[in-house]
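Taken together, the values in this text are just the output of simple stated rules run on the coordinates, not laboratory data. Bear in mind that the values here come from a model prediction, so they are computed numbers and not experimental data. Cβ atoms come from the backbone with ideal geometry, glycine included; neighbour counts cover every protein chain shown.
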């Protein structure tokens, strides 16, 4: 009890001394003064998004960003399966194929113009992959099976009646119901 009463008295006096420091320059809350409202200068056009910064200086990897990515994939030997899976907001086109040799990587569904633009209602993809340059022995079909997928939006699907995926030796297609 002897320690509680003096510590309560010290705490009360310390807190009451804070009111005297309220207007003092020693109080860090007074260092920047009060805020005030000012009109905004509008120099930017209305089409500018204020959330995207106007960065005029080049970044560290700017030259790498400017280089166009060139995909050097070659067609997969045979397309074995084509599935269209409905998802909210569109569909996923999933194609499975068998490569002519093993060690295929970076498998993609590509189009000629890299956009999902159908020609006469037919959207054509090529199933392509990058083959390793070393000569390898051909392994079982299970090892050479590859899968690639691509997402389509509902707006893109509205113009499409047939989706076709081509390989080197065959093609799979599915028609809209």
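Per 0.36 nm of contour for each residue apart, how much would the distance between residue 120 and residue 84 grow if the chain were fully extended, relative to their Cα-Cα spacing?
Working: separation 36, 0.36 × 36 = 12.96 nm, distance 1.95 nm.
Contour length minus Cα-Cα distance gives 11.0 nm.
Only bridges with both residues in region 74-175 count here: give the DSSP antiparallel percent, nearest 5. Walk me through the intermediate numbers first.
Details: 31 of 36 bridges.
About 85 percent, rounded to the nearest 5.
Applying a 10 Å radius around every beta-carbon, put 139-152, 95-108, 74-87 in order of their mean neighbour count, most first. Mind showing how you got there, number by number?
On the way: 139-152: 14.4, 95-108: 18.1, 74-87: 16.4.
Ranking, from highest mean packing down: 95-108, 74-87, 139-152.
I need the semi-axes of the equivalent ellipsoid of region 74-175: take the C-alpha gyration tensor, multiply each eigenvalue by 5, square-root it, list largest first in whole angstrom.
Numbers: eigenvalues 142, 31, 26 Å².
After diagonalising the Cα gyration tensor, the semi-axes are 27, 12, 11 Å.
Any chance you could run the full-extension gain for residue 9 through residue 69? It's 0.36 nm times the residue separation minus the Cα-Cα distance, nm to one decimal.
Numbers: separation 60, 0.36 × 60 = 21.60 nm, distance 7.30 nm.
Extending this stretch completely gives an extra 14.3 nm.
Below 8 Å between Cα atoms, with a sequence gap of 6+, how large is the relative contact order for region 74-175 in percent?
Working: 232 pairs, mean separation 39.7, N = 102.
Dividing the mean separation by the residue count of region 74-175 yields 39 percent.
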